[in-house]
Structure formats: structure tokens, C-alpha cells
Amino acid sequence: MSAQPTAAQSARAAARRPSVLILDDEEIVLESLKDTLRESCVVAATLSPREALEWLAARPYDILLSDIMMEEMDGLEVIRRARVLQPELTAIVVTGYGTLEVAVAALREGVWDFLEKPLLPDVVVQTVARAWRMRRAEIENRRLVEELKMRNEELLRLGEVARLQQEQQLFQASRMVSLGTLVAGVAHEINNPNNFIMLNAPFLREVWQVVKPMADARAAEQGDFPIAGQPYTRVREEIALLFNDVIEGARRIKHIVDELRSYAGRDPSDYKCLTEINAVVASAVALVAKNIKSATANFSVSYGDNLPKLYADAQRLEQVVINLVQNSCQALTSRDRAIEVSTRYDGQGRNLEIRVRDEGVGIPPENLSRLTDPFFTTKRDAGGTGLGLSVSATIVKNHGGTLEFISEPGRGTTVLVNLPISKLPPAS
Ligand SMILES: Nc1ncnc2c1ncn2[C@@H]1O[C@H](COP(=O)(O)OP(=O)(O)OP(=O)(O)O)[C@@H](O)[C@H]1O
Ligand SMILES: [Mg+2]
């Protein structure tokens, strides 16, 4: 017999008639009990205690109705053994003499109720019905307890998941902090040697401009000669390009270093200027006008009316808008696709919002959580550094705001920059 009733078992118990095993070694009593209960119960009846125990070993019953005084075996003994076989069984004793002693002994065996001879049919039916109601309530209770246990386990499990998530977030946060420190250090280390390159490469290029006619003259007079293992006439063509590559490469390194520094938040910054967000957007759009023009024929900006000013670092915010618009330009697959930039004021939440929407390729859901990780890019081959959004996110965060991405792969992306307005300049 299952110790953990399911809802289905419980529902079945409510719907069915109880199975009752009747044991009495007096045939007349047995027959009369059978007749009385035939209608409301599924009845099995026997004169023999041994047979009753055999049946109890073979299949479950709801209720055992047993005589006490029997020749073959004492009724209470039968009940004791029966409850070993079926701990859930509800036992009712039938007794010819209701002494206190018998009652106490019966209660000790866990007997539920008594029926006294002579047996009155109504009383028998009512007693069995009461026992069955109790039995069903027990089944239902156990089911509820089981259900609560399961719910509790589920809650504990959910609690555990929440704890793990929190741990993960803390881990992520500490990772970002140490990454910031590392990044600032690395940026500094790279910056110094890169400055040598940036300063010296143009000088070397100038030197080459002076030396080149001399080498040309020599080649004209004496014929081609080798330089670094290659004929001068070939090297001559390449050197100018090589200088350009070196200078361009150094510029790119400088750009990355600058981005890393603002990501790491190591650059001094001024958040205290009262700034007009529309002016920021206009200036950003003007700065990337060329990119916009080559990416789309459908560009629009709508400036919200009567926007309050906010304390901000205008140049940094401009950088955010530039990064977002550039990403949108790079996401478009044809010039028909649109980009929309807009600003508005959410008077209730006291937030300024800059919205950049594009009809580009969109962002796969699995990438959403990584967009603002430094160096996350899907454009490495096209020269993407993966720093644009990490820098932007840092800037927005430093303004107390949030950066939100909503994207539908294949259809486009909307980025929302939310900036809270405060009446007072932030404490430095
Ligand atoms: N509007 C957008 N539409 C589709 N994908 C986007 C969009 N904006 C960002 N992404 C995705 O997020 C990635 C990271 O953007 P992020 O600006 O940080 O770096 P990047 O554009 O790859 O390189 P860069 O450092 O030059 O800006 C992009 O590579 C791209 O996959
Ligand atoms: Mg970018």
C-alpha cells in the first residue's frame, strides 16, 4: 500500500465505496453484517481469523470489522497482526460485552470504534460510514502534507537558485572590478611605448622623404641595389605604405587604450555641467554624419520638447550616442533600412531617455547579456574592438542611469539610455 497518496488516489478514495473485511465466527452475525453493509460497502466476510489474515496479507482493505471473542484467535490479536500487515487499516470491533477493560485493550491496538451486540443495522451503517469519512480525511491530509513538503522542497530549491544567482552576480561584479584595475594597468603600460611610436613614426616618415631622392639618384646612377635583402626599386614603393600602416596601427592602439581607460573609469571626468541632452545628441549625430550617410537613406532624429537639463559630462554622453549610432549603422544590411534617434522626458519617473532604434540584423538572445563585456564583438574581422558598449555602459552608469537593449533578430534593435535627473549637482 502506498504511504504517499497522490491527488488521484485521494480523488478516487472520495468517489469509491470502502472495502470492508468482516470477521466473526458466528455465522448469523456474519451474515447479518454482510447484509447490512452490502449496499454502502464492498464487502468480504469470513468466519476464520486465519483466513482473514491471509486476505489482509494479499490485498488492501479500508476497514476491518472484527469480533473479539473467537475460538480460533482473539479478535484483538487479529487486529494487532492485521495492523502489521496494513498499518493504515481502520479497525472496528464487534463485542458482546462492552467492559472498560476490553475498551482500553482495544484502544491500545489502535481500534477506531466499537459496535455492541445486539447489532442495530442503522448503527452499523453509521459507524462504518464515520470510519470511512475519517479514513478519507486521513488520506487527504497525508496528501496535503506530501504536497506541502514538495512545495517546501521546491521553495528551498528556488531559494538555492536565487542564492547561486546572487553569488554569480557578486562574482561577476568582483570580476569586473579586478578587470577594471587590470585594464587600467595594461592601458598605461601600452600607452607609453605607443607614444614613442606615435611621436617617432611621423618623424621617420619625414626622414624617408628626404632620403628617398638620394636613394633614387643612386639607383639611377648605379643601377638597382639591395636593401634589407630586397631590391631597392621594390622597397621604395612599399616604404610609404609601411609608414602609413605603422601610424594607423598606433592610432588604433591609442583609441583602444583611451576606450579602456574610460571603461576602467580612471579618466578624470566632469559630471557637474548642466547639460542639454538635445545638444549632446545633435553634436554626436553631426560627428558621425558621414557614417550615417553611407549606411542609410532613412535616418531621422526627433528631439523632445522642453526637456529639463541634467548634470552630466556632455562629452562622455556624446561618446555614448556616437557608439550607439555607429553600432546601428554597422547593423544595417541595406540603405533602405532606417535608424531613428529620439529624446524624451518621462516626467513621472524624472528620467531623460535617449532612444536609438535601427532596422538592422538584431542581436541573438544569447548575446544580450554579453554586449557590455569589454572585448565582446561579433565584428572582429571588420576591425571591431568590442569596447564601444562596455565604455558606454560605464559612462551611463557613472551618470546613475541604465542602458537597455531590446532586440528582435532579423528585425532590429532598440537601445534605451535612461538618465535620472537630479536637481543638485552630484557630489564629487
Ligand atoms: N544595434 C546593434 N545591432 C546589432 N548588434 C549590435 C548592435 N549594437 C551592438 N551590437 C552587438 O554588440 C557587439 C558589441 O558592440 P560594441 O559596440 O561594444 O563593440 P563593436 O561595435 O563590435 O566594436 P567597437 O569597439 O568598434 O564599437 C557588436 O559586435 C554587435 O554584435
Ligand atoms: Mg560598436
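Points worth noting:
- Yes/no for V186 being at negative phi, modelled with pLDDT under 85 and surrounded by 12 or more Cβ atoms within 10 Å (Cβ to Cβ): yes
- Matching option when the condition is in a helix (DSSP H, G or I), surrounded by 16 or more Cβ atoms within 10 Å (Cβ to Cβ) and modelled with pLDDT under 80, among M176, M198: M176
- Contact map, segment 120-135: residues that are more than 14 Å from S19 (Cα to Cα) paired with residues that are surrounded by 15 or more Cβ atoms within 10 Å (Cβ to Cβ) and among the small types (G, A, S), Cβ distance under 9 Å, separation 6+ or inter-chain. Pairs shown: P121/S32; V124/S32.
- When L107, L148 are checked against the criterion of being in the same structural domain as L65 (by TED's automatic domain parsing) and in a helix (DSSP H, G or I), a single residue qualifies: L107.
- Criterion (crowded, with 18+ Cβ neighbours inside 10 Å, in the same structural domain as E31 (by TED's automatic domain parsing) and over 59 Å from the mean Cα position of the chain (by Cα)) met by exactly one of D62, D67: D67
- Residue ID - nearest to ligand 2 (Cβ to nearest atom), chosen from residues in segment 340-358 that are in contact with a Gly (Cβ under 9 Å, 6 or more places away or on another chain) and closer than 18 Å to L371 by Cβ: D358
- Failed item in (1) within 17 Å of A295 (Cβ to Cβ); (2) in a loop (DSSP other than H, G, I, E, B); (3) within 15 Å of ligand 2 (Cβ to nearest atom), with C329 passing the rest: (2)
- Just one of the listed residues (L416, L368, L389) is closer than 22 Å to D258 by Cα and either more than 7 Å from ligand 1 (Cβ to nearest atom) or crowded, with 16+ Cβ neighbours inside 10 Å (or both), and it is L389.
- Which numbered condition V78 misses (of (1) in contact with a Pro (Cβ under 7 Å, 6 or more places away or on another chain); (2) among the aliphatic types (A, V, I, L, M); (3) at pLDDT below 90): (3)
- Which listed residue, of L164, L100, L107, L158, is exposed (fewer than 10 other Cβ atoms within 10 Å of the Cβ) and modelled with pLDDT under 80: L100
The values are calculated or read from the model by the stated rules, or taken from the named source; none is laboratory data. The structure displayed is predicted, hence computed values, not measured ones. Here Cβ is always computed from backbone atoms with ideal geometry, including for glycine, and neighbour counts include all displayed protein chains.
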